[in-house]
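Undergrad: Attaching a single structure in structure tokens format; questions to follow.
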Amino acid sequence: MSWLSVALVLLLLWAVVLHQKLLVGLGFKVRLIHFLLLSIMGGLLWPVVRGWERKVEVPVEEHQLGVILWDASSSMGKNPSIKEEWKSALEANAHGQLEWMEFSENLLPPWGEGTASQGTSLQGALVDLEDNLAKLAPDWIWLISDMGFQPPREMTEVLTDMKGYLTRLEVTPSTGGDIGIEDVVRDPVWYARTSSPVRVRLRRDQLEEATEVDLLFHLNGELVTTARGRFEKGSHQADVVVDLQAKEVGPILLEINIAEGQGGARLENDHWLDEIESLRDRIRILRVVGRPNWSSKYLRDALVKREDVDLVDFHILRSMSDMVMAAPNDLALIPFPVEELFVENIDSFDLVLWQNFNQDEYPFFRPAYLNNIRREVKSGTGLLLWSGTLPWRLDRGPLRELAPLVTTGKDHQEVKGSLLSSLGELGWPDALSFSLENLPPRSYRVFKGKLQDDARVALSVKDTPLITLKKFGKGRVAQVLSDSLWSWSFSDEASSHDLYDEVLGRLLLWLQQHPDVENKVMEAPLLVRSGKQVTVRLRQPLGKNSRALWTSRNGKTFSGKEDLLQGEESLKLEAPPEPGFYRLGLEGTDFEVEIGVRGLQDEFWSLARCEKTAAELIQSGWRPLKKGGRPDWLDGGRSQVLERDSGWPLYRHPIYAAIWLILLIGHWVITNRILLRREKGTRLR
Amino acid sequence: MVEGSGVQRAGAIRQLREEVFSHSKGAIQVKKDDLLTRTFYLLRPEYSKALGTLRQAGRVVWIETQQPLLSGIARLGGAPREHRIRSAVNIVLYALTGSYKDDLTHRKYLRRRKR
């Protein structure tokens, strides 16, 4: 009984005593009416008192209603099979009837603006639940999320109103000194060679002294930068922001690691890997022309008119032996900015085009510049070598390693004949091959040389290579061995007028490794989960029995248990248990593909750990019900008393208050009349 | 490119131009900052204005000179010869490099040097 009940009872007693005095000497009829009036008023007060304290006994027979708020925006939420695992695990434990509610907190930054992608936000879900608490009457509520749960300020009130119903089952129990990658915010689409910000949020579970953590960033298995995150004293979070840029186009694997030994107790949250789509709006080309001629002009015009090309063009207009009888101010020549181009900004180009340029003739062209080009090609830049009228020596220096066909500069020959296109890496469309091969035989001034072992011929005239290709590191090199290709556009054949542009377009796509011309021999998902099955499809059936070899970024090899048999085209493989970037190859074959293996990343959780945590919580008397309460079913009991709002609506209704007021006024009127009559000495009957 | 001098030669040039480019309104004198004045040498206006051009789609398709250019190189000496050589070199380099000297890098550099 509350203080209000006591106060009301005392008030009633006082009223009775007072009325006994008041009613002395009155007739029976008046006494009766007055008594009835008071009784009605008292009776109407009763539900108000009772309503506040109404206790409802709810027999519980094994089943209770539990509401699970499932964080669909977490990484576990994105995976339906994980939810199913959770469901079956909880239902198998007979925790009662479960009502699943999904919420999404894709409202990054953590609690900021944005649109929930799946269902309501957590706040919305809780407000909704609070409004329906009486109707739904859940016995317990679990909030399952993978974030170290810190509600926003405005949510604190909601959580308080939920009283003891809410139990936060955080799947990131304190592990005693752990640091993990909590979240990574980045643009899903990048532009190649354009910086994109990546923000990494680190979380630690202890508020120890200020500490620092090193992060490593890899793009497609290549270390691109490192950064340091600093936890201030007393802070759980640390943010690290870096600017990254991808050189390639297409899907890119972005991998972030906490440096070894710095991530604390749990290793699974020290690694993060995801896919980025890298686009290229324009190909940035650096062209150097050693001596202008019609071929170089024709190529310039072809490049300039392409909307997807951003051309930085340099022509050498003077040789070292020129005698120009003019003052420098009379010349419209600019210095060749070699340092700016080949040292400072060489990494900003997607393609370097070397046309009719013999660098050996120019002392200002230091060997270091060629080494820089070699380095860039190795890391993904394209190189297009285009012959001209000058001697073309590619048999020494870094170019020897890069050139698909090594020329010595002197063997410059006229070759006449029809073209032969080799279907293959350039992926000539049939129509293009047909047009090329049906061109009338013509003469080509061709440099001959030795084709390197790993080079391929894409186009030849008779048996002399005209266009050759080679892969070098992550980059590609193409070589055009004649300066007469422009003549295609002046052929009598109408179909050949666009051939030059089409072949050039194909070369540009191949050099930038554009997905449109990539000839994949093996197709596999870009991202797989560690330890799970992966389906891989081969363009051609396996030529012999083989095994899958997963080679990690640091050269560690994981060999699958599967025996891959000759003739198979669709392979089911087991992904390595350790997350990271892998090259998946088939032993003894050319099949190779890059795959990202994700672990329990960006998740401060694991299902096994959570089940264990839940079990431990239950065993240790975990109370998902009201404050201080304990569900009987945990002890094998079959019923329990829950305190709930009765939900009786009448006494809250205005009509109810109005009736009570009318009665009060009636009582006041009667009492006044009694007192008036008494003063006048008349008797009421 | 067509060169010539004298009234008769000028008439012949005009006739040839009209035959080849029937819809043209006549050659336009090269302006001070025209691409032709800076493909290799920086041509002085008093010499560059001796050149007339026709353009199609932004490209020079016809160049005519009021004074004989190549024969002048053979016949004359001193500054007139030198300037004819310079005009001829610029015309050849225009044919081989096109709009190259209109690239931003060159324009910025030359503008800076003029200051």
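Values quoted throughout were computed directly from the atomic coordinates according to the rules given, and no laboratory measurement underlies them. Values in this document were obtained by computation on a predicted structure and should not be read as measured data. Positions of Cβ are generated from backbone atoms using ideal geometry, with glycine treated the same way; all protein chains shown enter the neighbour counts.
Undergrad: Say R0 is 60 Å: what FRET efficiency, to the nearest 0.05, do residue A:326 and residue A:87 get from their beta-carbon distance? Don't skip to the end; give the middle numbers.
TA: Values: r = 85 Å, r/R0 = 1.42.
Once the sixth-power term is evaluated, E becomes 0.10.
Undergrad: I've got another one for you. Which distance in nm do the two modelled labels at residue A:670 and residue A:239 give, with both placed 7 Å along the Cα-to-Cβ direction?
TA: In this crude label model, residue A:670 to residue A:239 measures out at 7.1 nm.
Undergrad: Can you work out the Karplus-derived ³J(HN,Hα) for every residue in the range A:570-575? Use 6.51 cos²θ - 1.76 cosθ + 1.60 with θ = phi - 60°, whole Hz, and x for glycine or proline.
TA: For the range A:570-575, the Karplus curve yields 10, 10, 10, 10, 9, 6 Hz.
Undergrad: Given the Cα-Cα distance of residue A:389 and residue A:521 and 0.36 nm per residue of separation, how much length would full extension add, in nm? Before the final figure, lay out the partial values.
TA: Numbers: separation 132, 0.36 × 132 = 47.52 nm, distance 3.86 nm.
Separation in residues times 0.36 nm, less the Cα-Cα distance, equals 43.7 nm.
Undergrad: I need the Kirkwood Rh of the range B:2-110: take the reciprocal of the average 1/r across all distinct C-alpha pairs and report it in angstrom. Kindly include the intermediate steps, with their values, before the conclusion.
TA: Numbers: mean 1/r = 0.0688 Å⁻¹.
For the range B:2-110, the Kirkwood estimate is 14.5 Å.
Undergrad: What does the net charge come to around residue A:586 if you take all other residues with beta carbon closer than 9 Å to its beta carbon, with K and R at +1 and D and E at -1?
TA: That works out to -2.
Undergrad: Between residue A:532 and residue A:663, what is the label-point separation in nm under the 7 Å Cα-to-beta-carbon projection?
TA: 6.6
Undergrad: Once label points are set 7 Å from the Cα along Cα→Cβ at both residue A:547 and residue A:569, what is their separation, rounded to one decimal in nm?
TA: 2.7
Undergrad: Are any of the pairs A:378/A:572; A:450/A:470; A:471/A:520 more than 25 Å apart by Cα-Cα distance, and if so, which?
TA: Details: A:378/A:572 33 Å; A:450/A:470 13 Å; A:471/A:520 15 Å.
The answer is A:378/A:572.
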